[in-house]
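Notes for the one structure printed next.
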Amino acid sequence: MFRIHSGARPVAVAAAVVLAAVTGSGVLPAAAATGSTAAPAAVTSAGTSAGTAKHRVLFDASHAETAGNADWVISTSQPDPLAENADPQTEADWTGAISAWGVALQKTGDYSLKTLPAGNAITYGTGGALDLANFDEFVLPEPNIRLTDAEKTALMLFVQNGGGLFLISDHTKSDRNNDGWDSPAIISDLLTNNSVNSNDPFGFSVDQLNIQTDNPRAISDSTDPVLNGPFGTVTGSILRNGTTFTLHPADNPSVKGLVYRTGSSGNTGAFFVTSSFGKGRVAIWGDSSTIDDGTGAPGNTLFNGWEDPAGTDAALALNATQWLAGGGSGGTGSTGGTGGTGGTGSACTAAQLLGNPGFETGTAAPWTASDGVISNSGSESAHAGSWNAWLDGYGSATTDTLSQTVTLPAGCASYKLTYWLHVDTAETTTTTAYDKLVLTANGTTLAGYSNLDHNTGYTQQTVDLSAYAGKSVTLTFTGTEGSQKQTSFVIDDTALNVG
């Protein structure tokens, strides 16, 4: 497809952004603001000694978490629960049906807790005091208002850049405020309809179920930091009108079921799931009854699932909170998520390493790109979503580049770069490569294409990067177009999976 522009486009030669892979270095990488290559400063660790940086956790109350009989807040004092009681000792010292959760964290001295009150929006990189860039973890406890497009983008970027996300679903048809949206639908909408990655980013989907009662059991894994964390050993949970999740490890190899519905295992019937996305971590639980401590605002019908002897819900919630905040892997504070694969500091953590892999932020960062390469033009549609990287296509002498630098961990079994490529050309020759696209790693050519490779749609390309294990590598696409007929090289939905 021919592109029209006035004047010659400058070719960007800016330095690429380095994306650090999980190294277990003891530092939680800071979350970067949208469209910026610089990250707001954020350092966390897991120790309990005086002077240790605190885990910063933001609980959501902006999506009708108190609708109906729900009362999923740590305190009615918002945003700061300490204004209700600065030294809480029991759940009764803070008002809310998940106050036991907040008080247990507060008593350790290792956490700074805040609540996003009703009337606020989830943001990332805006500079506000309750912006996600100021926190290590965000807890979304059974939302009952659908997230806006901007909020979904903010959440996905927060996780992609190193944040922890704790999702708590309830059963289908649990629409407490009668707006047509229940928590399974809201979470599913986040996973399948966001601007960052809608291609099963976390490797799980929400089952549309209402399971009345069960006592799901934990898997046997003595090294898992969520099942065997500082708050106790997890043996199981309770399910009192909730749902489960289906795992898709082919889409995200870090996904892992930790607790399963009776009779289920493997990829179906998972009740508590962990995963990773980019440099961040995710956990999801299938029933809000598990976090209910039986206290809360007067007039609500509540149930003490937090201490129900049929499960170990308190230990599960608290261990997961620490792991998501960056301190669940032996105090290393590493991020990127282990998907519950042990967190023992092994050399390889399964992860997808590229930032902004589908270009859905609408900006290049952390890629470095020539002007105009990041595009949402209808002339060359995206493989998925709205945005892609469109190199060349002007019908005049042009060189476009697209690059990103990543550090590959050592010790992995697989290092696979994938991307979807569409080649469109006005050239009619079947023998001469006038226009070319080359992929290099640190200057070494890995793949090459030309106008002779034109196709009607996208085809997925795969490149092995095993030779760069344990090294920093700059991946660069360079499109070079001749002075006459146009050739467009369109790239979308990239991924660099290690595991």
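Which residues' amide hydrogens lie under 5 Å from the amide hydrogen of residue 162, considering only partners 5 or more residues apart or on another chain, with H built in the peptide plane?
279, 280
Taking the Cβ of residue 93 as the center, what net charge do the other residues with Cβ under 15 Å away carry, scoring Lys and Arg +1 and Asp and Glu -1?
Surrounding charge for residue 93 is -4.
Give me a comma-separated list of calculated 3J(HN,Hα) values for the stretch 361-375, in order, Karplus coefficients 6.51, -1.76, 1.60 applied at θ = phi - 60°, integers in Hz, x for any Gly or Pro.
Running phi through 6.51 cos²θ - 1.76 cosθ + 1.60 with θ = phi - 60° gives 6, x, 10, 7, 3, x, 6, 10, 9, 5, 4, x, 5, 6, 9 Hz.
Rounded to whole Å and ordered largest first, report the semi-axes of the equivalent ellipsoid of the stretch 170-257 derived from its Cα gyration tensor (root of 5λ).
So the three semi-axes of the stretch 170-257 are 25, 20, 11 Å.
Based on alpha-carbon atoms only, what is the radius of gyration of the stretch 73-220 relative to the globular estimate 2.2 N^0.38 Å?
The stretch 73-220 yields a ratio of 1.12.
Could you list which residues have their amide H under 5 Å from that of residue 65, counting only those 5 or more apart in sequence or on another chain, with H placed in the peptide plane?
Counting only residues 5 or more places away or on other chains, the set is 144.
Could you work out the Kirkwood radius for the stretch 69-114, taking every pair of different alpha carbons, averaging 1/r and inverting it, reported in Å?
Kirkwood radius, the stretch 69-114: 10.1 Å.
With no solvent and one equal point scatterer placed on each C-alpha of the stretch 215-316, evaluate the Debye formula and give log10 I(q)/I(0) for q = 0.23 Å⁻¹, two decimals.
Values, matching the q order: -1.24.
Kindly rank 277-290, 303-316 from highest to lowest mean number of other beta carbons found within 10 Å of each residue.
Packing proxy ranking, top to bottom: 277-290, 303-316.
From the backbone phi of the stretch 103-115, what are the Karplus-calculated ³J(HN,Hα) couplings (6.51 cos²θ - 1.76 cosθ + 1.60, θ = phi - 60°) in whole Hz, Gly and Pro given as x?
Per-residue couplings from phi come out as 5, 4, 5, 4, 5, 6, x, 9, 10, 10, 10, 9, 10 Hz.
Binning every alpha carbon pair distance of the stretch 352-499 at 5 Å from zero, what are the percents per bin?
Binned Cα distances yield the sequence 2, 10, 20, 23, 20, 14, 7, 3, 1, 0.
Given the peptides 434-444, 187-197, arrange them by the average over their residues of other C-beta atoms within 10 Å, most packed first.
187-197, 434-444
Name the long-range amide H neighbours of residue 354: under 5 Å, sequence gap of 5 or more, or other chain; modelled H, no Pro or chain starts.
Result for residue 354 returns 496.
Size of the dipole of the stretch 48-155 about the Cα centre, Lys and Arg at +1 and Asp and Glu at -1 on the beta carbon, nothing else charged, in debye to 20?
Dipole magnitude for the stretch 48-155 comes out near 180 debye.
Every read-out reported here was derived from the displayed coordinates using simple, explicitly stated rules and does not represent laboratory data. As the structure is a computational prediction, the values presented were derived from the model and not from experiment. When we count neighbours, we look across all protein chains shown, and the Cβ atoms used for this are built from the backbone with ideal geometry, even at glycine.
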